[in-house]
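The next block holds one structure in the form of structure tokens; read it before the comments.
Please treat every number below as a calculation from the coordinates, not as lab data. Since the structure is predicted, the reported quantities are computational estimates derived from the model, not experimental observations.
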Ligand SMILES: Cc1cc2nc3c(=O)[nH]c(=O)nc-3n(C[C@H](O)[C@H](O)[C@H](O)COP(=O)(O)O)c2cc1C
């Protein structure tokens with residue numbers, strides 16, 4: 001397939017090629033969660049990628065885990081995002097805001113409210129997080145009550161409505177990478193005894209309720225859903241592949257705009273997902289190189305391939321890729337936090 005010139009319809013969006021911008025946290029929002037003016041410039045610079053999936057954005061104050069991540073639940077957030085979506089649209093792009101509730105992967109020192117993180121169960125993740133005073137392990141989270149789980153579904157629904165008011169073309173539900181929705185899916189982080197824990201059906205219930213509630217609010221054709229089966233650092237139980245088959249089959253009934261798989265190890269599972277999902281499938285293979293970017297498009301396993309670090313470091317990624325030109329390397333020191341350096345100042349071919 002000529003990847004650079006084969007159009008595709010993804011939900012409500014018509015895309016002219018098969019690459020997209022992968023969601024990437026950059027930790028440059030204001031302390032209250034309002035995106036900065038620089039965010040508008042950063043995304044507009046990358047708009048040739050067509051579908052831009054934004055950095056993870058918390059649907060509520062409790063959804064924040066990292067420093068300076070944006071939110072989408074206040075009027076200030078909506079006004080800030082409006083500048084970003086306007087800039088992307090003016091440059092010809094399509095934007096889906098990624099709704100990310102960090103759950104237990106959160107540190108009270110990183111939030112304005114300093115409350116304990118919330119999670120399916122009171123089980124701490126095994127990791128360290130960057131805080132204003134250095135690296136620190138997150139505390140044991142507080143388990144959400146059943147009513148609070150339902151209230152969190154509502155937070156997602158309202159955040160999606162806010163994203164649309166802010167001018168987004170859609171939202172991506174972050175069900176991947178060990179954050180709240182994933183914490184419900186994985187047995188090791190979910191020891192609940194109510195309808196949200198235990199069986200595969202119960203552990204998938206929160207994810208499905210979030211997608212269903214948002215579909216009722218903004219329409220299924222404006223929703224993407226991201227999963228990451230077997231992502232390192234997340235203890236997934238032996239029957240996780242079956243859980244994902246069940247989850248994908250249930251999500252497929254909703255007729256969402258797309259499914260987005262961050263793929264690690266299980267090739268059989270990826271093939272099964274492809275056959276269970278009749279809509280557009282976005283696939284990122286962990287650890288791929290620039291030479292591998294088209295393999296899943298060519299084999300038919302993927303319809304769209306989002307680009308992460310290469311697009312972060314190359315605002316003109318598409319132009320360089322087409323020309324076979326050298327790529328800038330990402331600067332690891334400026335990935336998270338700071339200002340324009342390492343954000344909006346990566347050189348394009350014309351300025352190299
Ligand atoms: C700086 C950085 C921030 C990221 N933040 C997010 C995020 O907010 N949400 C998400 O789903 N994935 C996030 N990811 C994962 C990327 O979307 C992508 O899956 C990963 O980088 C692999 O793709 P790549 O090899 O093209 O970089 C992040 C990756 C990087 C490098």
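The distance from the alpha carbon centre of segment 155-223 to that of segment 90-109 is 13 Å, rounded to a whole number.
For segment 261-314, the spread of Cα positions along the three principal axes, ordered from largest to smallest, is 34, 21, 16 Å.
Over the chain, Cα pairs under 8 Å with separation of 6+ residues give a relative contact order of 16 percent. Show me, bin by bin at 5 Å from 0, the whole-percent P(r) of segment 132-192 based on Cα pairs. Reading upward from the zero bin: 4, 13, 17, 21, 17, 14, 11, 2. Using only the C-alpha atoms, the convex hull of the chain corresponds to 120 Å³ per residue.
Orientation-averaged projection of segment 183-268 equals 5.6 nm² [convex hull of Cα atoms, one quarter of hull surface area].
Relative to the globular-protein estimate of 2.2 N^0.38 Å, the Cα radius of gyration of segment 78-153 stands at 1.45. For segment 1-139, a Kirkwood radius taken over Cα pairs fed into Stokes-Einstein (37 °C, viscosity 0.692 mPa s) yields D = 204 µm²/s.
Contact order, relative form, for segment 214-317: 24 percent (alpha carbon pairs under 8 Å, 6 or more residues apart, mean separation divided by residue count). If you wrap the tightest convex hull around every Cα atom of segment 274-352 and split its volume per residue, you get 120 Å³.
Potential lengthening of the chain between residue 199 and residue 146 amounts to 17.5 nm, from the contour at 0.36 nm per residue minus the alpha-carbon distance. Here the chain carries DSSP beta bridges of which approximately 15% are antiparallel, counting only pairs with both residues inside.
The alpha-carbon positions of segment 50-112 define a convex hull whose volume is 73 Å³ per residue.
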